[in-house]
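Asks: Dropping a structure here in structure tokens format, bear with me for questions.
Just so you know, all these numbers are worked out from the coordinates, no wet-lab data involved. Worth saying up front: this structure is predicted, and the values here are computed from it rather than measured. Glycine gets a Cβ as well: all are built from the backbone with ideal geometry, and neighbour counts include every protein chain shown.
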Amino acid sequence: MSLVETIANLDKSLDLHAARLLILINAFTNTGGESTVQGLTKLAKLDFLLRYPVMLERALIVKGRSTRDVGLEDYERQNVESEMVRYRFGPWDHKYRTLLNYLVAKGLVTINVEGRTVVIALTDAGSDCAHALTADDSFEQYTRRSKILKTHFDLTATNLMKFIYDTFPEIISLRSGASIPT
């Protein structure tokens, strides 16, 4: 199998995407110790910045924050781990529902609806799994960048969506369903 085929197959791996989401949700631990993300829109926007580190770097610059800890590798400036598409509310991946159902079935997250907001929370098993992933050097970039997201982008879904629209107007001008370029 060629390197290109290997990389293409990684994009199809539910486990890789699930690991990234567990690390991201874990970074959003609140003061009570519970790890939650309030809403699918917020999850998608945070995941966009995690998967597109060039955009994370640009977002930090807009906020007047240091980009040193993003730690962009040269290859990341030319491509992304897996593309997202432009959807109704900006960056989106049609795999989110499948991934979240997968994580629920594995007993790693719970999903509850509070009003009109979908609340995604780690279970104890999910927290244990997320901590194991964050301790693994293979996931160091996700862990570091997820902490950056918690520090600088822990906004409401609406405010995060507005920030994405204002900071990346080229995404909004894409046709719905079009892949977001690097």
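Asks: If each of Asp128 and Glu34 carries a label point 7 Å out from its Cα toward its Cβ, how far apart are those two points in nm?
Replies: If labels sit at Asp128 and Glu34, their model points lie 2.1 nm apart.
Asks: Additional query: Would you mind calculating the gained length between Leu14 and Asp137 on full extension (0.36 nm times residue separation, minus the Cα-Cα distance), in nm to one decimal? Can you show the working numbers first?
Replies: Numbers: separation 123, 0.36 × 123 = 44.28 nm, distance 1.96 nm.
Using 0.36 nm per residue and subtracting the Cα-Cα distance, I get 42.3 nm.
Asks: Also, I was wondering about something else. Roughly what would the spin-label model give for Val104 and Arg58, points 7 Å off Cα along C-beta, in nm?
Replies: 3.4
Asks: Put a dot 7 Å past each Cα toward the Cβ at Leu72 and Glu114; how far apart are the dots in nm?
Replies: Here the answer is 3.5 nm between the modelled labels.
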